[in-house]
Amino acid sequence: MTIYAADTPETLNPLIVTTFFGAVALLSCIGRLYALKKRNQSFREEEYCIATALILTYVSLGIQWACVVYGGTGRHIADVDMPDVVLTLKLILPFEALYGLTLMFVKLAVLRFYSRIFAPSAWVTWSVRVTAAAVVMWMVSVVLETFLLCRPLAFNWDTTIDGVCGDRNAVFVIAGVTNMVTDFMVLLLPVPCIWKLQMPVGQKIGLLLVFCMGILITAISIVRLQSLMVISFEDPTWTLPMGLLWTVLEPELAIINANLPLMRRFFAKIIPKMLSFSRSKSSVQRSKKNDFEKLSDNGILLRTIGGGFVQRNNVVVGAENYKASEGSSTTGIIQERSIRVDYDNISDEDTGSDHNDRRARVSVV
């Protein structure tokens, strides 16, 4: 078996993209677990679905690497040993089935999340069940067309034997269109519930954007479908790379998108400035408006017209909190006392000293 170096854009670039987003998908799952831990929640059904989808995605990523390194994908068939071409054609069969399985688990996780946060709505329960059934049926159709399109199965990689294959392009189109239909079913399901929430319209729109970011996954489904349509089995190793790329990338982004609604705490831990900027700005604005505090009257001497000072003290007996000391006790006895301080300046001539002296007379009113 020949080992092919990933040293050309056709071989290396797809691997870089899918490996990078595979790592991001893993980080998003870690963020999901972090959020669950902070909420003191254990694994639920949707977490098991996401974990399964992540494992299947990494299996698909491994197949992509094997097709490039051991199968010669990204090179013309004339530059690849025939046994390696056969290996590539064998690997793409489970690869396609894994694609259907992975997206099914991601969509089921999202649907379970919907049923949890929008319960106990009968409409949501019914819609989730119908959509889940459609997703499962779509997955079954993808797996069946993968292994039943060519009969016998070996005809997929050995056309020298007697066999027959259906119209691959037609099958790709049908599977891609039904996938997009299920995407829209999942995306639109929470819209009525969100729009009925008692909150400002701006917040509703922001919440809808979070839940409907999956529209990007639908766009990738369209791009993937186009990449499958250009695959030529006359030169499969040369025309497969983009199809492999989008078939791995779509589930990776779907996992990331499914984790986003639960990752607020994770983002707040990793990049707090990005999430707290608006709150900090509003806090600063409020502090500018309320940039003062009431000063206590206690201990402030006020000079009277007659030259003396009057200090007013409030003494509270039986207060239970700090507000009581400000004269707002409802349970204690408030005693008010006024103290008048008068003073006279005595010059040197009166005292015989070399400086002025001050005598004070204190009287309690």
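Bear in mind these aren't lab numbers, they're just calculated from the coordinates by the rules spelled out. Since we're looking at a predicted model, the values are computed, not measured. So basically every Cβ, Gly included, is an ideal-geometry build from the backbone, and we count neighbours across all protein chains shown.
Can you tally the net charge around I220? Count Lys and Arg as +1, Asp and Glu as -1, for every other residue whose Cβ sits under 12 Å from the Cβ of I220. Could you put the intermediate results ahead of the total?
On the way: positive: R224; negative: D183, E250, E252.
Its environment carries a net charge of -2.
From the phi angles alone, apply the Karplus equation (6.51, -1.76, 1.60; θ = phi - 60°) to the range 140-153 and give each ³J(HN,Hα) in whole Hz, x where the residue is Gly or Pro.
Those phi angles translate into 4, 5, 5, 5, 5, 5, 5, 9, 10, 5, 10, 10, x, 4 Hz.
Which order do the peptides 196-209, 62-75 take when ranked by the mean count of other beta-carbon atoms within 10 Å per residue, highest first? Don't jump to the answer; show the numbers that get you there.
Details: 196-209: 10.9, 62-75: 22.7.
Ranking the peptides 196-209, 62-75 by packing returns 62-75, 196-209.
Could you go through the range 217-222 in sequence order and give the Karplus-derived ³J(HN,Hα) for each residue, using 6.51 cos²θ - 1.76 cosθ + 1.60 with θ = phi - 60°, rounded to whole Hz, and x for Gly and Pro?
5, 5, 4, 5, 4, 5
Once a ≥ b ≥ c are taken as the square roots of the eigenvalues of the Cα gyration tensor of the range 34-154, is the result rounded (a/c under 1.5), prolate (a/b larger than b/c) or oblate (a/b not larger than b/c)? List each step's numbers first, then the result.
Working: a/c = 4.58, a/b = 1.98, b/c = 2.31.
Here the range 34-154 falls in the oblate category.
For the range 9-278, what is the convex hull volume of the alpha-carbon atoms per residue, in Å³? Before the final figure, lay out each step's value.
Numbers: hull volume 36.2 nm³, N = 270.
About 134 Å³ per residue, rounded to a whole number.
Along the range 245-262, what does the Karplus equation 6.51 cos²θ - 1.76 cosθ + 1.60 (θ = phi - 60°) give for ³J(HN,Hα), rounded to whole Hz, x for Gly and Pro?
4, 6, 5, 8, 5, 4, x, 4, 5, 5, 5, 4, 4, 5, 8, 4, x, 9
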